[in-house]
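Colleague: Here's a structure for you.
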Amino acid sequence: MNEIRVAARINGEDISRTVEPRMLLSDFLRGPAGLTGTHVGCEHGVCGACTVLLDGEPVRSCLMLAAQIDGCAVTTVEGLAGVAGEPDVGALHPIQRAFHETHALQCGFCTPGILLSVAAFLEETPRPTRDEVREAISGHLCRCTGYHNIVEGVVRAAELLAEGP
Amino acid sequence: MLRVEDARLLTGRAPFIDDIEPAGTLHVAFVRSDMPHAKIRSLDISRAADHAGVSAVVTAEDLGDLCRPGPVLVPPPPIDGAIFNARTALPLAREVVRHQGEAVVAIVAESRYVAEDAAALVDLDLEPLDAVADLDRALDADAPLVHEDLGSNLAAHVRQTKGDYAAARAHADVVIGRTFRYDRGVSAAIENRGVIADWDGRDGRLTVWDTTQAPIPVRNALAALLGLPESCVRVVAPFIGGGFGPKIMFYAEELIIPWLSMRLGRPVKWIEDRYENFFATTQERGQTHESELALDAEGRILGVRDVFLHDTGAYDPYGLTVPINSQCTLLGPYRVPAYESEFRVAFTNKPVVTPVRGAGRQHGVFVMERLLDFGARELGLDPVEIRARNLLGPDEFPHDHEILYQDSAPLTYDSGNYRPSLEEAARRIGFAGFDGERAAAAAEGRCIGLGIVNYVEGTGIGPYEGARVTVEPGGTVSVVTGVGTQGQGHFTTFAQVVGAQIGVDPGKIRVVTGDTSEFHWGTGTFASRGAVVAGSALHAAALSVREKILQHASRALEVDPEDLVLEDGEARVRGAPDVRIGLGELASRANPLRGAVQPGTEPGLEAAAYFGPARGTTANGVHALVVEVDDETSDVTILRYVVVHDCGTVINPMIVEGQIHGGVALGIGNAFYEELLFDEFAGAGNASFMDYLLPTATDVPAIETAHLETPSPLNPLGTKGVGEAGAIPVAAAFAQAVEDALRENAPGLEIVDIPLSPGKLFALRNPADGGEDS
């Protein structure tokens, strides 16, 4: 099968790989790019687990082809806090810290996608109401938390972000 | 205390199954039946086998001796007169397929993309057979047969009784009889299943990574089936993206993938996709109950009779666990002098039924709570009053229900204090003032209603779990246990249990679960038992290590053990905290390079311990909610939701509340959104997240929780399980609330079928408009 070259800036790093034209973005990130924090739950764009930021906008990486990110900037969960090595609670991004403080994750499988959606949401809506938060995360399925603590986590994240670093 | 596992999960660094890929891994795709019942007329794999990049194409014939029915995982309890006909699936179907999604061919290729390309080249010719789709007709004499050799579709027949129901009924002032149906949904863990196997032919060792809730039984089964010593098979359950029951099975893929790795000498990986998950992963629900409640004039229960049919799908590998849970949990927190319960289990051509969070308990609770609602209506009692009159009192424990539970032990409640739970829930939901609130809403043209129901949950059953606690010379405390973990916060809860005994910050304790190379005695995570059974084993191991620490510290510091306190990772002399020694130093001294270990002692600061409860503990609780029903569209919105629960001593309130929240959300899905819809041929038409509606953040309300703590006398921690509690009573509460909301606009409305949905509720209220389902 013919192959094409994809060059993109992923989590601030320029990478270039040769892939099959049909390769999904989610498979590209998890495979050739080595970023397995992006999870795949349904492969038909409903569960939201595979959400990443493409030039700052949340997208479902299972509904895009790797070829479509050529020349773009992508942020995955690994790039959210920019911490390398063994993760430490103190080095987390404020949204991650807020999720930790409010027990907004259980199995953690859907969490990376939610974190990225929330990052984009809080950019636009820095002081959301709880109803706005529910609307904003309603494109994500979580089977463990019942969403209650995710809502609390997003509200807390807004507070932490407002406090600044 | 906050969770210690969060940082890895939040940064995407926690390894889930699909994140694991040894060098040189081959990938598998399965060809599965797209028909619910069919004869395999012909199967041609030649084009697939010739496809570039394909390493192997495997059918039932290739499996040889391994192509035999899988194990029955849970033996049925020894109930007098019980019939149980075991029929389990072959790893790959041969001659006939009995449900959609049954695997027929496995294709191994250099990538999943290529494996799926080749799957499309397999020529599988299926001849459709008549299918058993309707549970209510599955046992009819003229029903098609799922298993021809059996002569009928009867998988099991069990009758358990207590007291004399016929006599109770004869004395009753009111007898309420209804038919109830509770239909199918899926567990829908957001992570699908997966298996990776890596056979090392030089060492004769097999390593398997598996999304299992029970790695030790999987290891034992694999060793037996593949002819390997158990010590040469390592099964690792990595981080798992939700379990909810179906990940406890022993599936065909768990055998085929390791076998392929041994045969090909390469690591082999299979990750289930979402479509497969709707059929190849087990699911639950599907019962029809004919039930009767006999009451006296004051609303006191004289007896209950319940005859039900249970749909087990095409096979019954998990024994009788689900229907027995329904049978036993029906009794709830109530005094029931006479109980006559009989169920038949039927094979159908639908995917296999095994426990899903709640595991049959919801059906029993739904039946009993609905009967009480209808009884209360008949007698003019309110829903709280009729329940309060029938609760077991705090002095009635242990309470023997005189029937057997799923663990083969007598159904005996260990402890409980039910009335305060009911009163607290009634207070928090605003039951006393609700008539006024409902009337005020009605004046604005809004229909609101309240539901309040009880449940009990048998939890924390045996047989046993084990654990080992080690203080390492560097001071690291390592804790291992055999149960798998799927997001329940075990890393934190288990560290808390151990840390409390040896004076170490739980954040500094390394917990390993679900790796048979680290610990290989135990059964798994199911029946809301992790914190109870594994937690108690950890507690016992920690106490032994504490004893060793005190002995060594007493020698080192030359004081009596009674004068020592353990805190901050050190042994300190009480009243003289500067006289102290670190646990790491003590661990080094306990493992000398020269000299001798004291006679009668063991080296190191380490202990293993086991805990096997004689029977399970009984948790309980009350759910109360207020709903608003749109009078025009019949859409239902939950306005508030209260859970008061009692799971004995709470180790980590934050984690317990999280378990409740998640359970309630799953229960709301089951009650109102989720239903796998089968056609008359047993084919499912909505097997995608586009069409199978999981509740989202806008469907689930904020949930108010309160804990009461009635300790269990059956374990040293006093804990009871909580994992499934949130999911169990939701449908019953939901139905009561919707009826209450429509008491004026649809008087006499009775909700006896779950799942409800806006479409079904609309149809119930408007039978003339046709019963178009949503």
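The values are calculated or read from the model by the stated rules, or taken from the named source; none is laboratory data. Being a predicted model, the structure only gives us computed values, none of them experimental. All Cβ positions, glycine included, derive from the backbone under ideal geometry; neighbour counts span all protein chains shown.
Colleague: Go through (1) in contact (Cβ under 8 Å) with a residue 12 or more places away in the chain; (2) part of a loop (DSSP other than H, G, I, E, B) one by one and return the number of the condition B:E127 breaks.
Modeller: The one condition B:E127 does not meet is (2).
Colleague: Strands (runs of 3 or more DSSP E) wholly in the stretch B:136-224 with at least 2 residues that are within 14 Å of chain A (Cβ to nearest Cβ) - which ones?
Modeller: Filter on the stretch B:136-224 gives B:194-200.
Colleague: For the stretch B:402-436, how many residues are part of a helix (DSSP H, G or I) and out of contact with any helix residue (DSSP H, G or I) (no Cβ under 7 Å at 6 or more places or on another chain)?
Modeller: Counting residues in the stretch B:402-436 that are part of a helix (DSSP H, G or I) and out of contact with any helix residue (DSSP H, G or I) (no Cβ under 7 Å at 6 or more places or on another chain) gives 12.
Colleague: Sticking with this structure for a sec: So for the stretch B:69-77 (the condition being in contact with a strand residue (DSSP E or B) (Cβ under 6 Å, 6 or more places away or on another chain) and modelled with pLDDT under 95), does at least one residue qualify? Don't jump to the end; show me each part of the working.
Modeller: Going through the stretch B:69-77, the residues in contact with a strand residue (DSSP E or B) (Cβ under 6 Å, 6 or more places away or on another chain) turn out to be B:76-77.
Of the ones still in play, those that are also modelled with pLDDT under 95 are B:76-77.
Scanning the stretch B:69-77, I find at least one residue that is in contact with a strand residue (DSSP E or B) (Cβ under 6 Å, 6 or more places away or on another chain) and modelled with pLDDT under 95, so the answer is yes.
Colleague: So which residues in the stretch B:1-44 are outside any helix (DSSP H, G or I), of a type in the set (D, E, K, R) and either free of Cβ contacts under 8 Å to residues at least 40 places away in the same chain or closer than 30 Å to B:F678 by Cα (or both), if there are any at all?
Modeller: Across the stretch B:1-44, the qualifying residues are B:R13, B:R32, B:D34, B:K39, B:R41, B:D44.
Colleague: Do we have A:V118 as within 12 Å of chain B (Cβ to nearest Cβ) and within 16 Å of the chain's Cα centre (by Cα) here?
Modeller: yes
Colleague: Something else about it: Go through B:L756, B:L749 for me and flag whichever is part of a loop (DSSP other than H, G, I, E, B), without any contact (Cβ under 8 Å) to a residue 40 or more places away in the chain and more than 14 Å from chain A (Cβ to nearest Cβ).
Modeller: Answer to the check: B:L749.
Colleague: One residue is enough: does the stretch B:17-37 have a residue meeting the conditions closer than 30 Å to A:F99 by Cα and among the aliphatic types (A, V, I, L, M)?
Modeller: The answer is yes; a qualifying residue exists.
Colleague: Is there a residue in the stretch A:11-20 that is at pLDDT 95 or above and under 20 Å from A:F121 (Cα atoms)?
Modeller: Scanning the stretch A:11-20 turns up at least one residue that is at pLDDT 95 or above and under 20 Å from A:F121 (Cα atoms).
Colleague: Restricting attention to the stretch B:166-202, which residues are more than 30 Å from B:M368 (Cβ to Cβ) and free of Cβ contacts under 8 Å to residues at least 24 places away in the same chain?
Modeller: From the stretch B:166-202, those more than 30 Å from B:M368 (Cβ to Cβ) are B:190-202; that's our starting set.
B:D200, B:R202, listed by residue number.
Colleague: Of the conditions (1) within 8 Å of chain B (Cβ to nearest Cβ); (2) within 27 Å of A:L63 (Cα to Cα); (3) surrounded by 24 or more Cβ atoms within 10 Å (Cβ to Cβ), A:G113 fails just one. Which one is it?
Modeller: (1)
Colleague: Please list, ordered by first then second residue, the pairs with beta carbon atoms under 9 Å, 6 or more apart or interchain, first in the stretch B:72-91 and over 19 Å from B:S152 (Cβ atoms), second outside any loop (DSSP other than H, G, I, E, B) and charged (D, E, K, R).
Modeller: B:I79/B:R159; B:D80/B:R159; B:P91/B:E253
Colleague: If you take just the strands (runs of 3 or more DSSP E) that sit entirely in the stretch A:41-125, which of them hold at least 1 residues that are without any contact (Cβ under 8 Å) to a residue 40 or more places away in the chain?
Modeller: Per the criteria, A:51-54, A:57-60.
Condition check ((1) within 14 Å of another protein chain (Cβ to nearest Cβ); (2) part of a helix (DSSP H, G or I)) across all residues:
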residue	(1), (2)
B:A665	yes, yes
B:L693	yes, no
B:A697	yes, no
B:P713	no, no
B:P716	no, no
B:V722	yes, no
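Colleague: Can you pull out every residue in the stretch B:724-746 that is of a type in the set (A, V, I, L, M, F, W, C) and either in a helix (DSSP H, G or I) or within 25 Å of the chain's Cα centre (by Cα) (or both)? Outline the logic, then answer.
Modeller: We begin by selecting, within the stretch B:724-746, every residue of a type in the set (A, V, I, L, M, F, W, C); these are B:725, B:727-728, B:730-735, B:737-738, B:741-742, B:746.
Once the filter is applied, which keeps residues that are of a type in the set (A, V, I, L, M, F, W, C) and either in a helix (DSSP H, G or I) or within 25 Å of the chain's Cα centre (by Cα) (or both), the stretch B:724-746 yields B:A725, B:A727, B:I728, B:V730, B:A731, B:A732, B:A733, B:F734, B:A735, B:A737, B:V738, B:A741.
Colleague: Got at least one residue in the stretch A:20-32 being touching a His at 6+ places or on another chain (Cβ under 6 Å), of a type in the set (F, W, Y) and crowded, with 21+ Cβ neighbours inside 10 Å?
Modeller: No: the stretch A:20-32 contains no residue that is touching a His at 6+ places or on another chain (Cβ under 6 Å), of a type in the set (F, W, Y) and crowded, with 21+ Cβ neighbours inside 10 Å.
Colleague: Which members of the stretch A:135-160 meet the condition of being aliphatic (A, V, I, L, M) and either facing chain B (nearest Cβ under 8 Å) or within 14 Å of B:Q659 (Cβ to Cβ) (or both)?
Modeller: Within the stretch A:135-160, A:I137, A:L141, A:I150, A:V151 meet the criteria.
Colleague: Restricting to the stretch B:1-42, give me the number of residues that are more than 10 Å from every other protein chain (Cβ to nearest Cβ) and among the aromatic types (F, W, Y).
Modeller: Residues meeting the conditions: 1.
Colleague: So which residues in the stretch A:4-28 are within 21 Å of the chain's Cα centre (by Cα) and either basic (K, R) or within 11 Å of chain B (Cβ to nearest Cβ) (or both), if there are any at all?
Modeller: Once the filter is applied, which keeps residues that are within 21 Å of the chain's Cα centre (by Cα) and either basic (K, R) or within 11 Å of chain B (Cβ to nearest Cβ) (or both), the stretch A:4-28 yields A:R9, A:N11, A:M23, A:L24, A:S26, A:D27.
Colleague: To continue, here is another question. Closer than 23 Å to B:I190 by Cβ, at pLDDT 95 or above, surrounded by fewer than 24 Cβ atoms within 10 Å (Cβ to Cβ) and among the acidic types (D, E) - does that describe any residue in the stretch A:45-67?
Modeller: yes
Colleague: Something else about it: May I ask you to verify whether B:E191 is more than 18 Å from B:I256 (Cβ to Cβ), in contact with a Cys (Cβ under 9 Å, 6 or more places away or on another chain) and assigned by TED's automatic domain parsing to the domain that holds B:L10?
Modeller: Yes; evaluated as a whole, the condition is true for this residue.
Colleague: Return the total of residues in the stretch B:234-269 being closer than 21 Å to B:V58 by Cβ and either over 24 Å from the mean Cα position of the chain (by Cα) or within 14 Å of another protein chain (Cβ to nearest Cβ) (or both).
Modeller: 14
Colleague: I would also like to ask the following. Any residue in the stretch B:316-330 that is on the phi > 0 side of the Ramachandran plot sitting within a Cβ distance under 9 Å of a residue that is polar (S, T, N, Q) and crowded, with 24+ Cβ neighbours inside 10 Å? List the pairs, counting only those 6 or more apart or interchain.
Modeller: B:G319/B:Q406
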